[in-house]
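Input: a single structure, listed below in structure tokens.
Every read-out reported here was derived from the displayed coordinates using simple, explicitly stated rules and does not represent laboratory data. All figures in this text were calculated on a predicted structure; none of them were measured in a lab. Backbone-built Cβ (ideal geometry, glycine too); neighbour counts: all protein chains shown.
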Amino acid sequence: MKINKILSLLFLIIFISCNEETQKLQPEKYYQRDLQITYDNKTFNGTAVLPSKDKYSIKVKSVDKINLLTVTTCHREIAYYPDKVEFTFDYTPVKGIEDDGDCNLELFAANLEGKHAWGFIDLNAAKYALKATLRCNGENNKEYLGTSVCQSKVGLYQEIVFFYPVEISQINKCPIPESQDKKIWKLNLNLGECVYLFKETAFGTAKFHKLTTVGYEGILIRK
């Protein structure tokens, strides 16, 4: 019995050691966005789509203490030094640059122990008004108005569905999704961020929907 306990203890030590080794951050990897984001009493895990507003109060929470939080947009980078696991910051989009629906927020959190976490926020705008239903990473039939985000592991299939046929174009260099009827589009998630623009002209007036996919290849264990 005593030998069994010793062997069990040795196995546990080896397992923990190996586990810590595999959790060393690999800079070349694109990790899952898992910062908890809260806005207007709604909480999102890693990625979020927020409505168009003049000003935002956004709470970010991490499992580990945040010593540095950066918020990077298409126009600027803002740095905060919270020294705690959750932090609320105010964000006012610069008019004419950050409020057009095409300027997302990239969140990066780090601490003095070398722990990292990320988040992604997209902001809707009036020019994106086409509804779509997203089937993303097991969360099925969730409706989005104008702007949507789908995060999942690279190579997994997701779907976005429209009521009427739509045309598609990609904003960055990513594979075009497949569709048989131009209403149901099947996506094989690419690494990193891909942005797709869908256009409906069923009633003579064009309506648009923007989808951003976030494909990750690694997940960090959170204690």
(request) For Lys53, go through the lysines and keep the ones whose alpha-carbon is under 16 Å away, minus same-chain ones fewer than eight residues off. (result) Lys42, Lys95, Lys127
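May I ask what percent, to the nearest 5, of DSSP beta bridges between residues of the range 36-123 are antiparallel? Intermediate values should be presented prior to the final figure.
Numbers: 29 of 33 bridges.
Here the share of antiparallel DSSP bridges comes out near 90 percent.
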(message) Can you tell me the orientation of helix 2-22 relative to the chain, as the angle in degrees between its alpha-carbon axis and the longest Cα principal axis, to the nearest 10?
(response) 40 degrees
(request) Mind jotting down the distance between the C-alpha centroids of the range 74-110 and the range 207-223, whole Å? (result) 18 Å
(message) With equal scatterers on the alpha carbons only and no solvent term, can you work out the Debye log10 of I(q)/I(0) for the range 36-123 at 0.13, 0.23, 0.26 1/Å?
(response) -0.38, -1.16, -1.43
(request) Note the full-extension length gain between Thr201 and Lys183 as 0.36 nm times their separation in residues minus their Cα-Cα distance, in nm to one decimal. (result) 5.2 nm
(request) Tally the DSSP beta bridges in the range 100-221 and give the antiparallel ones as a percent, rounded to 5. (result) 80 percent
(message) Please arrange Leu35, Leu134 by how many other C-beta atoms lie within 10 Å of their C-beta, fewest to most.
(response) Leu134, Leu35
(message) How much of the pair distance distribution for the chain lies past 23 Å, counting alpha-carbon pairs only, in percent?
(response) 53 percent
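So what's the projected area for the range 93-142, the Cα convex hull averaged over all directions, in nm²? Mind showing how you got there, number by number?
Working: hull surface 22.4 nm².
Computing the convex hull of the Cα atoms and averaging its projections yields 5.6 nm².
Mind putting a number on the dipole of the range 131-216 about its Cα centre? Charges go on the C-beta only, +1 for Lys and Arg and -1 for Asp and Glu, and I need it in Debye to the nearest 20.
Values: 11 positive and 8 negative charges, 14 e Å.
The calculated dipole for the range 131-216 is roughly 60 debye.
Pull up the DSSP beta bridges for the chain and report the antiparallel fraction as a percent, rounded to 5.
Percent antiparallel among DSSP bridges in the chain is about 80.
Sorting Glu77, Glu28, Glu86 on the 10 Å Cβ count, fewest up front, what's the list?
Working: Glu77 10, Glu28 6, Glu86 14.
Least crowded to most crowded, the residues run Glu28, Glu77, Glu86.
Can you compute the helix-only [θ] at 222 nm over the chain? Use -39500 (n - 2.57) per DSSP H run of at least 4 residues, normalise by all residues, nearest 500 deg cm²/dmol. Show your work: numbers first, answer last.
Values: 1 runs with 21 residues, N = 223.
About -3500 deg cm²/dmol.
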(request) Would you mind ranking His209, His75, His116 by Cβ crowding within 10 Å, fewest neighbours first? (result) His75, His116, His209
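Provide the FRET efficiency to the nearest 0.05 for the Asn140-Glu86 pair, computing r from the beta carbons and using R0 = 41 Å. Numbers along the way, then the final one.
On the way: r = 30 Å, r/R0 = 0.73.
Between Asn140 and Glu86 the formula returns 0.85.
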